[in-house]
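Notes to accompany the following structure.
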Amino acid sequence: MRIPFALQSFGFLCAGLLTACGGDDDAPASGDNQDAAIVEDASQEDAADAEKVNPLLESEAYKAFIYLNKVRANPPAYSEACHVDLSDLEPRPLLLWNESLAKAAQAKAEDMRDRNYFAHVDPDGNGMNIKIVEAGYDLPEAWYKDPSANYFESLAAGASSGEAAIQMLIEDRNTDPPGHRNHLLALDEFWSNCSDIGIGYAEGNQDSPFATYVCVLIAKHDF
């Protein structure tokens, strides 16, 4: 049976788009008609472009990012949805989508599915700090000197959607202290000035114990 589960680590702390002219009798006396045709063609192209959907914006990972920023902007309004009292929380700074973190997070979500594990340290002994750096996000060398180090990752498995994964992590049921909530809502001093986020979302396969795997990376370049 597939069940939802969340995991989070604190590293050394503890556990996100576009002239005409005429000269003969067959040509228009002025460029007005040609100009109009060009404008019409351009408008049709713009309309076609507008109908194209950016896959990222439709992804569960990006939807999770948008949802988390909504929660951060007004925590009390999401107490019921997240099944936890957030009434005392002030608005938190909005996070910025970072492609390097998103790359690392997506790779981690897929790796957990493909190699059938659910942990901050992969089967090769690597934590997310070194993986974040390898994806192109700079961190101080001291933060990844230990290959297993992880300061910026929250994990969820079995959620029905990206939004549901965020709700699960914020609820942080049966977790004391609530590390996922502290990480996602910047309630801990170390995470309070983290500004960048990347999220990975992978659906399980027939051999997976979980229906989905979600990796949330909220990070900063230095203290």
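Please compute the modelled spin-label separation between Glu99 and Lys145, points set 7 Å along Cα→Cβ, answer in nm with one decimal.
Those two pseudo-labels are separated by 3.3 nm.
Assuming 0.36 nm per residue, please report the length gained on full extension of the stretch Asp138 to Arg173 beyond their Cα-Cα distance.
9.4 nm
Roughly how far apart, in whole Å, are the Cα centres of segment 148-208 and segment 80-112?
Each part reduced to its Cα centre gives a spacing of 6 Å.
Assuming R0 = 35 Å, can you tell me the calculated FRET efficiency for the pair Ala77 and Ala211, based on Cβ-Cβ distance, to the nearest 0.05?
0.80
Provide the net charge surrounding Asn69, with neighbours chosen by a C-beta distance below 14 Å and charges set as Lys +1, Arg +1, Asp -1, Glu -1.
The answer is +2.
Between Ile66 and Leu187, what's the calculated FRET efficiency when r is the beta-carbon distance and R0 is 25 Å? Round to 0.05.
Computed FRET efficiency for Ile66 and Leu187: 0.75.
Out of the trypsin sites (Lys or Arg not before Pro) in segment 123-223, which ones are loop residues according to DSSP with at most 13 other C-beta atoms within 10 Å?
Lys145, Arg173
Counting Lys +1, Arg +1, Asp -1, Glu -1, what net charge surrounds Asp111 among other residues with beta carbon under 15 Å of its beta carbon?
-3
Determine the gain in length on full extension of the stretch Glu58-Tyr117; use 0.36 nm per residue of separation and subtract their C-alpha separation, reporting nm with one decimal.
Roughly 18.6 nm would be gained on extension.
Run the numbers on segment 73-223 and let me know its relative contact order in percent, using alpha-carbon pairs under 8 Å that are six or more apart.
Worked out over segment 73-223, it gives 31 percent.
Rank Asn98, Leu86, Phe65 by how far each Cα sits towards the positive end of the charge dipole of segment 56-100 (+1 on Lys, Arg Cβ; -1 on Asp, Glu Cβ) and give me just the farthest.
Of the listed residues, the answer is Asn98.
Give me the net charge for the shell around Asp122: Cβ to Cβ below 13 angstrom, other residues only, Lys and Arg +1, Asp and Glu -1.
Counting the neighbours of Asp122, the net charge comes to -2.
Only the coordinates and a few stated rules stand behind these numbers; no lab work does. It should be emphasised that the depicted structure is a prediction, and the values quoted were computed from it without experimental measurement. Counting neighbours? That spans all protein chains shown, and the Cβs are built from the backbone with ideal geometry, glycine included.
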